[in-house]
1. Go through Glu93, Glu68, Glu89 for me and flag whichever is surrounded by fewer than 20 Cβ atoms within 10 Å (Cβ to Cβ), in a helix (DSSP H, G or I) and either at pLDDT 75 or above or in contact with an Asp or Glu (Cβ under 6 Å, 6 or more places away or on another chain) (or both).
2. When you go through (1) modelled with pLDDT of 90 or more; (2) part of a helix (DSSP H, G or I) one by one for Lys141, which number turns out not to apply?
3. Among the residues of region 29-45, is there at least one that is aromatic (Phe, Trp, Tyr), open to solvent by 40 Å² or more (accessible area, probe 1.4 Å), at pLDDT 85 or above and in a helix (DSSP H, G or I)?
4. Of the residues in region 99-108, how many are touching a Leu at 6+ places or on another chain (Cβ under 8 Å) and either of a type outside the set (A, V, I, L, M, F, W, C) or at pLDDT 95 or above (or both)?
5. Exactly one condition in (1) of a type in the set (Phe, Trp, Tyr); (2) outside any loop (DSSP other than H, G, I, E, B); (3) modelled with pLDDT under 90 is false for Trp58; which is it?
6. Is at least one residue of region 158-165 closer than 23 Å to Leu85 by Cα, at pLDDT 85 or above, of a type outside the set (A, V, I, L, M) and not in a loop (DSSP other than H, G, I, E, B)?
Amino acid sequence: HIRVVTGASGGMVGAGYYVAARAEGNGNIDPNVVAIDSLDDVAKYLALPDIPGQFAPWRFRDRGWALEKRWRENAPPMATRFDSLRSKEQSGEIPSLIFSPSSLDDGRRLLVSNLQLSALTNHRNFSVSAVQFYDLYPAAKITVATVARMSASFPWVSPASELPRDKLRRIGDAG
């Protein structure tokens, strides 16, 4: 009977997994997924390519990419395309997700949801406090793992996510 799930930080990693697993149709959530290690690859990327890569003039795969990849491998529902959840959300088969990471460049919330949330982003006589991801990137094909990582990026574990735009936007933890 849950209609909407929202939150901040690491809790949304679990919420994303829960909703994506429910969307697969079997209704069974595997509790053993929680016990699978996801941080070994993060440590390897921190020690090897990440630190020297800070001085590289090109883009590279970092520890955030490694964490996201491990989530998709350990918990296959996390590889679900976020927009593919829309029809089951609309029919009420699964709850709608609302992720709300922060833009590290301007402090605004980035609302990532299949719901239309413009009422939460537009305020008369005030500045825009949030923007919707799909307003910026209407054709984006991102996974639940990608959105979860944007919402739970702690600098010591995974670096900020970056969204391409006219100017790169850095996205970090919602908490």
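1. That would be Glu89, the only listed residue that is surrounded by fewer than 20 Cβ atoms within 10 Å (Cβ to Cβ), in a helix (DSSP H, G or I) and either at pLDDT 75 or above or in contact with an Asp or Glu (Cβ under 6 Å, 6 or more places away or on another chain) (or both).
2. With (1) modelled with pLDDT of 90 or more; (2) part of a helix (DSSP H, G or I) applied to Lys141, the lone miss is (2).
3. Of the residues in region 29-45, the ones aromatic (Phe, Trp, Tyr) are 45.
If we keep only those that are open to solvent by 40 Å² or more (accessible area, probe 1.4 Å) as well, we get 45.
Filter again for at pLDDT 85 or above, leaving none.
No, the conditions are met nowhere in region 29-45.
4. Restricting attention to region 99-108, the residues satisfying the condition of being touching a Leu at 6+ places or on another chain (Cβ under 8 Å) are 99-103.
Checking the rest, the ones that are also either of a type outside the set (A, V, I, L, M, F, W, C) or at pLDDT 95 or above (or both) come to 100-103.
Count: 4.
5. The one condition Trp58 does not meet is (2).
6. Within region 158-165, not a single residue is closer than 23 Å to Leu85 by Cα, at pLDDT 85 or above, of a type outside the set (A, V, I, L, M) and not in a loop (DSSP other than H, G, I, E, B).
The values are calculated or read from the model by the stated rules, or taken from the named source; none is laboratory data. Remember, it's a predicted structure, so these values are computed and weren't measured experimentally. Note: ideal-geometry Cβ built from the backbone for every residue, glycine included; neighbour counts use all protein chains shown. What goes into the accessible areas is simple: the full protein's heavy atoms, side chains included, and nothing from ligands, DNA or RNA. Shrake-Rupley method; radii C 1.70, N 1.55, O 1.52, S 1.80 Å.
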